[in-house]
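Q: Before I ask anything, let me first share the structure, which is written out below as structure tokens.
The values are calculated or read from the model by the stated rules, or taken from the named source; none is laboratory data. Just so it is clear, the model here is predicted, and its values are computed rather than measured. Every residue, glycine as well, gets a Cβ built from its backbone with ideal geometry; the counts of neighbours run over all protein chains shown.
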């Protein structure tokens, strides 16, 4: 009895040690993100230039999260999580990065718990969780603030799996509804979870063994059990498609044949990069002209052969078909048949799908090596070392590669410079590096990179707009205006280009044209506080003070702590002789910016 108790205690200590090792290894790789900045790639939409997120929780912001199509996704739970970050930390990029890291660690530990609970295999479960924690292709999901949706939705995915295991162990309505609720929450964090019902069926096959020897009656019963889950997936897919189409991210510029060919090539690329994760970039351009249909056919044949192989040998090694079809199935929504964006493939899409391949490796390699070593004179303790040592070497190597890949996410310059070093004709990297140089005041480099992007892709509206910003900073306003107009011609709903066009007109004292540009920006983006501010300034220059006051009020409504808007509103009130209202703005300014408050006070007291 005493020996049994000691054995149980030793097992608990071992499991706790594995938890600790998984968490510490992830911390060692990703802790550097605490010093990383926002990057010029969706982080502005998600946090740094999003007033709804920056202002934290409020009834209007919560309503916005449920109704917006910004970023061409419907994921209100992701918006809520980022609002909470800003509520707690303000726009502190380092701390927001750390929340992503904490979610990644939570996902790693949850994955270990779920697999251990379902399979009872301690070391295989730990190896899968370690691969998940340290694989370099998962860096993008962790180190990119805009990918909060990835780590958050996966947290709910794994919670749903854990709840499902509990339901299978003891089926009842309450546990079933809990799984359904967690799944719904996950869909509200990222719609990629639409494949979870399919994965639950795979789990029924292995390791939960609910199917056993195949029976149509059992299979139909298990499918019927998943009907509410599939219904939620269908609803989420419809919402996602409509939101993406309205946001302009569903692309039909590539032919269906090119998209299908790229899908097969992408599957092969993902498999290759799992084993050899090199030349990783934040964006891989889709170049339909360079697609080899012969290579795509070979990749399609490879996928078919692997599928036949895992089905053939899956009768005795059920983890093989389960892991393979997990990988293939969970990648299907983002493989590019319905093209979203202009990328050929993306590292972040592997965050959940790679779990399937990791399971195949974790259960398959020890079995293969055991068979090889059983025919050798190597003794049992040495066999354990022979099995474990390669795993440690692999994990250490992956951790080092992931650490290096994470370092590129420090800021926009390092991120996009690296992307240009490892890819070709990467117009997105050139463009985003150009705007990063704009922010740093390195105008010649900004202009050069934006022109490089335009040379590769002449109809890239963002590059024309960023080129205009660089020209404007150098005082080359006519060239800036031409660049903004070119961006608007390409992309008529480009709010920021209209805004910058208005600013350029304003600097040339062409206030009437500036007003029209700002109005267009607001028409496209109704929560554009800066556009309202500058609209008010333009009205003020023309002496249209009542209209200026209304514009400043709108800016303040969107951004209550908008110092410049309060200052301009106070000045406008003073200009029409309304000293009481001007004094009210002065009192607000006192709490926001004492220097500007003093200036306004002097004007009031004249």
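Q: Go through the stretch 308-361 and report how many residues are part of a helix (DSSP H, G or I) and either closer than 29 Å to residue 241 by Cα or in contact with a strand residue (DSSP E or B) (Cβ under 6 Å, 6 or more places away or on another chain) (or both).
A: 21
Q: Kindly provide the set of residues from the stretch 449-463 that are within 12 Å of residue 435 (Cα to Cα) and crowded, with 21+ Cβ neighbours inside 10 Å, ordered by number.
A: The answer is 449, 450, 453, 462, 463.
Q: Does the stretch 281-302 hold any residues that are more than 22 Å from residue 430 (Cβ to Cβ) and either at pLDDT 95 or above or part of a helix (DSSP H, G or I) (or both), and which are they?
A: Of everything in the stretch 281-302, those that are more than 22 Å from residue 430 (Cβ to Cβ) and either at pLDDT 95 or above or part of a helix (DSSP H, G or I) (or both) turn out to be 293, 294, 295, 296, 297, 298, 299, 300, 301, 302.
Q: Restricting attention to the stretch 481-535, report how many residues are part of a loop (DSSP other than H, G, I, E, B), on the phi < 0 side of the Ramachandran plot and surrounded by fewer than 23 Cβ atoms within 10 Å (Cβ to Cβ).
A: 8
Let's see how each residue does on (1) surrounded by 19 or more Cβ atoms within 10 Å (Cβ to Cβ); (2) over 16 Å from the mean Cα position of the chain (by Cα):
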residue: 11; (1), (2): no, yes
residue: 14; (1), (2): no, yes
residue: 19; (1), (2): no, yes
residue: 52; (1), (2): yes, yes
residue: 75; (1), (2): yes, no
residue: 83; (1), (2): yes, no
residue: 102; (1), (2): no, no
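Q: Further question on the same structure: Can you find a residue in the stretch 72-80 that is touching a helix residue (DSSP H, G or I) at 6+ places or on another chain (Cβ under 8 Å), assigned by TED's automatic domain parsing to the domain that holds residue 341, within 23 Å of residue 242 (Cβ to Cβ) and without any contact (Cβ under 8 Å) to a residue 24 or more places away in the chain?
A: Among the residues of the stretch 72-80, at least one is touching a helix residue (DSSP H, G or I) at 6+ places or on another chain (Cβ under 8 Å), assigned by TED's automatic domain parsing to the domain that holds residue 341, within 23 Å of residue 242 (Cβ to Cβ) and without any contact (Cβ under 8 Å) to a residue 24 or more places away in the chain, which makes the answer yes.
For (1) out of contact with any helix residue (DSSP H, G or I) (no Cβ under 9 Å at 6 or more places or on another chain); (2) surrounded by 16 or more Cβ atoms within 10 Å (Cβ to Cβ); (3) over 26 Å from residue 141 (Cβ atoms), each residue gets a yes or a no:
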residue: 235; (1), (2), (3): no, no, no
residue: 238; (1), (2), (3): yes, no, no
residue: 245; (1), (2), (3): no, no, no
residue: 267; (1), (2), (3): no, yes, no
residue: 306; (1), (2), (3): no, yes, no
residue: 317; (1), (2), (3): no, yes, yes
residue: 322; (1), (2), (3): no, yes, no
residue: 325; (1), (2), (3): no, yes, no
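Q: For residues in the stretch 537-561 being part of a loop (DSSP other than H, G, I, E, B) and modelled with pLDDT of 90 or more, which is surrounded by the most Cβ atoms within 10 Å (Cβ to Cβ)?
A: 544
Let's see how each residue does on (1) within 19 Å of residue 540 (Cβ to Cβ); (2) touching a residue at least 24 places away in the same chain (Cβ under 8 Å):
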site	(1), (2)
457	no, yes
461	no, yes
468	no, yes
479	no, no
497	no, yes
518	yes, no
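Q: Check off (1) at pLDDT 95 or above; (2) under 16 Å from the mean Cα position of the chain (by Cα); (3) surrounded by fewer than 18 Cβ atoms within 10 Å (Cβ to Cβ) for residue 88 and give me the number that stays unchecked.
A: If we test residue 88 against (1) at pLDDT 95 or above; (2) under 16 Å from the mean Cα position of the chain (by Cα); (3) surrounded by fewer than 18 Cβ atoms within 10 Å (Cβ to Cβ), just (2) comes out false.
Q: All but one of (1) within 19 Å of residue 356 (Cβ to Cβ); (2) touching a residue at least 40 places away in the same chain (Cβ under 8 Å); (3) assigned to a loop (DSSP other than H, G, I, E, B) hold for residue 211; which doesn't?
A: (2)
Q: Right, here's the next one. Give me the helices (runs of 4 or more DSSP H) completely within the stretch 138-203, filtered to those with at least 2 residues that are farther than 26 Å from residue 38 by Cβ and in contact with a helix residue (DSSP H, G or I) (Cβ under 8 Å, 6 or more places away or on another chain), ordered by residue number.
A: Helices (runs of 4 or more DSSP H) meeting the threshold: 148-169, 173-187.
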